[in-house]
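The values are calculated or read from the model by the stated rules, or taken from the named source; none is laboratory data. Nothing here was measured: the structure is a model prediction, and the numbers come from that model. Cβ atoms come from the backbone with ideal geometry, glycine included; neighbour counts cover every protein chain shown. Quick note on the areas: whole protein, heavy atoms, side chains included, nothing else; ligands and nucleic acids left out. Shrake-Rupley method; radii C 1.70, N 1.55, O 1.52, S 1.80 Å.
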Amino acid sequence: MSAIAVMLIAMGVADAVRRLTRPVWVPAVVAPAAVAVCAALSGLWHRGDVVLLAIAAAAGVGWVLLGARAERSGEHEGAPLAVFGLALAALILLSGWASDVDGLVGRWSAWVEVPGIGDVGPNRLLMIVGAVLLQFITGNQLVRLVLGSVGAVKPEGQPQPSDRLKGGRLLGPMERTLIFGLGLAGQLAAATAVVAAKSIIRFPEINAAKARENGNIGIDAVTEYFLVGSFASWIIALGGLALAQ
């Protein structure tokens with residue numbers, strides 16, 4: 001599963017760069033470069049690793065380019081989602097070719113004595129890093145693509161359901177990271193409490209949209225946006241937790 005971790009790390013780094021630079025070719029180059037750096041640090045240079053890393057690099061480039069096109073046009077949101085899903089499925093099905101993480105990452109994980117890290121093997125440590133990065137910008141991108149694919153996000157320039165739900169881009173990563181961390185700590189009951197608390201806190205804000213309509217955005221659009229976005233966000237957090245476990 002090391003190649004999956006490398007792909008998630010590469011996509012996370014590329015998405016962060018895409019938010020900092022305008023030319024789309026920059027993150028498109030960063031994605032395969034991040035794959036190469038992770039492979040070098042982790043000692044993943046066996047024959048089977050090369051095939052898996054090539055899939056991860058190609059998926060990273062496709063994710064960046066197709067995601068940027070979907071953002072500009074407001075269409076074809078399913079294309080980057082398909083790239084992400086197919087690459088993940090392929091790397092899982094071919095995971096038997098992957099070798100164990102070694103190199104600098106393996107030596108560092110055995111040497112460090114930081115609580116919670118020193119007892120984690122290098123394979124799981126690399127996956128945890130990838131799963132954590134998944135919860136931030138890449139997770140937001142996945143949620144937005146899902147919302148766009150079901151029509152819950154309007155074309156650019158029109159009133160958005162998110163106008164009624166402030167702070168979603170910040171609350172989403174915080175919520176996913178909290179659920180992920182609680183799950184790693186074995187506190188799944190506390191993670192479900194976070195989910196319930198969000199629904200309770202957000203309900204008055206959603207209900208108030210009835211009296212404060214913005215253009216064509218009504219309570220139904222806001223509710224759909226909230227429900228689809230929340231469930232997509234929770235699936236990302238739980239999916240990352242499943243990989244890290």
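Might you let me know whether region 4-20 holds any residue that is open to solvent by 20 Å² or more (accessible area, probe 1.4 Å), farther than 14 Å from Thr138 by Cβ and not small (Gly, Ala, Ser)? Explain how you work it out, then say what you get.
Of the residues in region 4-20, the ones open to solvent by 20 Å² or more (accessible area, probe 1.4 Å) are 13, 16-20.
With the extra rule that they be farther than 14 Å from Thr138 by Cβ, the set shrinks to 20.
Applying the additional criterion that residues be not small (Gly, Ala, Ser) yields 20.
Checked region 4-20: at least one residue is open to solvent by 20 Å² or more (accessible area, probe 1.4 Å), farther than 14 Å from Thr138 by Cβ and not small (Gly, Ala, Ser).
Having 1 or more residues that are open to solvent by less than 60 Å² (accessible area, probe 1.4 Å) and modelled with pLDDT under 90 is the bar; report the helices (runs of 4 or more DSSP H) wholly within region 98-182 that clear it.
Numbers: elements: 103-111, 122-133, 139-149.
Per the criteria, 103-111, 139-149.
Evaluate the following for Leu66: is it touching a residue at least 40 places away in the same chain (Cβ under 8 Å) and buried (at least 16 other Cβ atoms within 10 Å of the Cβ)? Reasoning before the result, please.
Working: touching a residue at least 40 places away in the same chain (Cβ under 8 Å): no; buried (at least 16 other Cβ atoms within 10 Å of the Cβ): yes.
Judged against the criteria, Leu66 is not a match.
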Starting from residues that are over 9 Å from Ala10 (Cα atoms) and in contact (Cβ under 8 Å) with a residue 60 or more places away in the chain, keep the ones in region 21-41 and report whichever is surrounded by the most Cβ atoms within 10 Å (Cβ to Cβ).
Leu41
Sole miss for Gly103 among (1) within 29 Å of Phe226 (Cβ to Cβ); (2) in contact (Cβ under 8 Å) with a residue 60 or more places away in the chain is condition (1)
Name the single residue, out of those in region 224-238 being aliphatic (A, V, I, L, M) and out of contact with any helix residue (DSSP H, G or I) (no Cβ under 8 Å at 6 or more places or on another chain), that is nearest to Ala196 (Cα to Cα).
Leu227
